[in-house]
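Contents: one structure, followed by commentary.
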Amino acid sequence: MAYGSGYFKTTYEADMALVDTRLRRLALATLIVGLAVLPRVASPFVLELVTQTALAAVGALALNMLTGLAGQISLGHAGFLCAGAFTVGILTESVKAPPLVTLPAAAVVGGLLGLVVGVPSLRLKGLYLALGTLAMHFVVLYVASEYQARWGFNTGVSVPAPTVAGVRFRSGVQWYYVLVAFAMLTTFLSVNLGRSRVGRAWMAIHDREIAAASLGIAVARYKLLAFVASSVLTALAGALWAYYRSFVSVEAFSFVVTIEFIAMIVIGGMGSTLGALLGAGFVTLLPYGIDAVVGALAPGGAAPYWLFPLKFGAFGLLMALFLVFEPLGLVGIWRRARTWVVLWPLRYAPLRTVR
Amino acid sequence: MQAVAGVVVLASLYVLLGVGYVLVYRASRVLNLAQGDLMMVGGYALFATVTTVSASPFIAVPLALAVGAAVGVLVYALLMRPMAGHPVFAAVLVTVSLGILLRVAVVLVYTDQTRYPLPAMDLSNPPVRLPGGAAVSALDVVTVASAAALLGGLFAFLRLSRLGIRMRAAAERPLLAAQRGIDFHALFALSWALASFAGALAGVLYASNVRLDPSLGILGLKAFAVALVGGLDSLGGLVAGALIVATVEVLTIRHVNPLLSDVSPFLCLLLMLLVRPWGLWGTREELERV
């Protein structure tokens, strides 16, 4: 099997290549073609699942940049999503702004919010920073609910299907392409971060700030950049979420949403792009998987009242199990399995795990 | 006067909840985000003992509190001890999933219907007129009294008893304490038990006084604003923190906007983080400065 060794590169080009072996190029091409033709073969339900996963993946990748790469803990992820979604909701409702206005506006709002939350990170570390971001989450939610209460949208704000360049985005297939493309772009960005100055500066800050500073990394600037980049992406995801659901309401952005995103990067594997993707898929699909299992065991009949708590509990339990027993997450399991297969029948691990 | 009484009652509830944060933080440098859910479990433990064991409050309440303390020990043994040596953030996330699990367990057993354990105990909650014209419920008075008793008891325990002094030593420097033959795992388990006991006490009182449903945990999130304002490692600071946060909350309910009052503890928290992140009486060194 052609398998990149990870520590035997003869040229800089080979070292910088995104996909370095024929097997990987083939896998990537298959993935892209597969995603492109999926709407032709898959049922609307499957498409809906993939679309949801793609949207979750953007949020998870954004959180992974902040928490996994730069090591800054945030408990305010749902707040950023909420800010993006409400920017869209408020702008479309009050001035009928088109998506080409609302999306950049959501990005700007997210960026400003990230800056506001990021500034305390220059003074605070660890738990205290987490508390600050959590407080920010509640403040953003308060502002949104105040808007809902003041302007009489007690249940929420509805957002009409957006029109870009004469195309009206309303069908599931259209949203599938939009969100999958968005997720792929974010993935590309995330992979590139690991190879560029910014991402490496973040990782250095994560590992040891003083050492990073003495290597000439402007710690304050890169920390703020991490917050801003992550919150811009998250707010954009929130904005697209608003259009995709065509409805915005405060209830959709509770603290549970933050926990879900944290669970994604924890279950997937902190600091890894693949991990964030795997985690997003896992956490999004888990409730449907439980639905399917319960449906197969007890066919027919209305959903029992314990189904919802069961899903929630399964997710809490899995998060605890991963934290206690497998801190490297799904990606750690995958790497071990891959190493085992590649080395079989030998048992020595390589000197360094490859990407 | 009514406002002052309201502040004192709310502050007492916050003190009961905040004690849990401070004890756990001192023992394991972990912020227990499940404290509110431990409180909720205490309330349901009361409901369970009332409906299955005995309707007499003299049996049901101590039993519920014992269940609460036992849950604390179990949490330490099963979840927190394996997390020793892991990053603090991971341990905090474990408490988040603990909160989820507790809530789910309660919903699975008791559904998410609102319960009222007080009538089941054949007790009523008569209003009490205070000198000065304010009126509170009888259980409000009990809440204030038990918060005072709990704080007083903890002070005496930590200052005077041998076990309490050992507990402070283990919290301050676990390695050194272990060198001197102190079994700090047992003491940390005791810290968790006390924290969970305080949470259960708050839960029992709140469930009897107001209502009982699985979403009580939200109150716990507000209470950590209290713990932070007072100083995360300071029991004495709790009283001041609770009074400040409760005053701001009651004032915003009465004069500004009830919606805002729900976030006012978090605004206090943000302000404190900006001005004096280690809290009013917290140890400054506790905060790893950048």
Every listed condition ((1) of a type outside the set (S, T, N, Q); (2) out of contact with any Pro (no Cβ under 8 Å at 6 or more places or on another chain); (3) in a helix (DSSP H, G or I); (4) under 24 Å from B:Leu235 (Cβ atoms)) holds for B:Phe58 save (4)
Quick one: is B:Val96 at the interface with another protein chain (Cβ under 10 Å from one of its Cβ atoms) and either within 23 Å of A:Phe322 (Cα to Cα) or of a type in the set (Lys, Arg) (or both)?
yes
Evaluation of B:Arg173 against (1) touching a Ser or Thr at 6+ places or on another chain (Cβ under 8 Å); (2) closer than 22 Å to B:Leu31 by Cβ; (3) not acidic (Asp, Glu) (one fails), failing number
(1)
What number of residues within the stretch A:32-65 satisfy the criterion of being of a type in the set (Ser, Thr, Tyr) and over 17 Å from A:Ala181 (Cβ atoms)?
1
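This table checks each residue for (1) of a type outside the set (Asp, Glu); (2) away from chain A (no Cβ under 13 Å); (3) farther than 18 Å from B:Asp122 by Cβ; (4) surrounded by 24 or more Cβ atoms within 10 Å (Cβ to Cβ).
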{"position": "B:Arg29", "(1), (2), (3), (4)": "yes, no, yes, no"}
{"position": "B:Ser56", "(1), (2), (3), (4)": "yes, yes, no, no"}
{"position": "B:Ile59", "(1), (2), (3), (4)": "yes, yes, no, no"}
{"position": "B:Val67", "(1), (2), (3), (4)": "yes, yes, yes, no"}
Of the residues A:Gly34, A:Gly59, A:Gly89, A:Gly79, which is over 13 Å from the mean Cα position of the chain (by Cα) and closer than 27 Å to B:Val88 by Cβ?
A:Gly79
In the stretch A:144-169, anything part of a helix (DSSP H, G or I), more than 7 Å from chain B (Cβ to nearest Cβ) and without any contact (Cβ under 8 Å) to a residue 24 or more places away in the chain is listed as A:Arg150
Going through A:Leu274, A:Leu318, A:Leu285 one at a time, which residue ends up being modelled with pLDDT of 85 or more, farther than 28 Å from B:Leu102 by Cβ and either out of contact with any strand residue (DSSP E or B) (no Cβ under 9 Å at 6 or more places or on another chain) or crowded, with 17+ Cβ neighbours inside 10 Å (or both)?
A:Leu274
Expected single match for under 17 Å from A:Ala239 (Cα atoms) and surrounded by 16 or more Cβ atoms within 10 Å (Cβ to Cβ) among A:Val119, A:Val109, A:Val139 is A:Val109
Looking only at residues that are touching a residue at least 24 places away in the same chain (Cβ under 8 Å) and not in a helix (DSSP H, G or I) in the stretch A:171-211, which one is nearest to the other protein chains (Cβ to nearest Cβ)?
A:Gly194
Inspect all residues belonging to the stretch A:110-126 and state whether any of them is within 24 Å of the chain's Cα centre (by Cα), free of Cβ contacts under 8 Å to residues at least 24 places away in the same chain, in a helix (DSSP H, G or I) and within 14 Å of chain B (Cβ to nearest Cβ).
yes
Keeping to the stretch B:48-82, report how many residues are within 17 Å of B:Gly203 (Cβ to Cβ), modelled with pLDDT of 85 or more and of a type outside the set (Val, Ile, Thr).
12
Can you find even one residue in the stretch B:258-277 that is in a helix (DSSP H, G or I), away from every other protein chain (no Cβ under 11 Å) and under 19 Å from the mean Cα position of the chain (by Cα)?
no
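The values are calculated or read from the model by the stated rules, or taken from the named source; none is laboratory data. Predicted model, so just to flag it, every value in this text is computed and none were measured. Note that each Cβ is placed from the backbone with ideal geometry, even for glycine, and that neighbours are counted across all protein chains shown.
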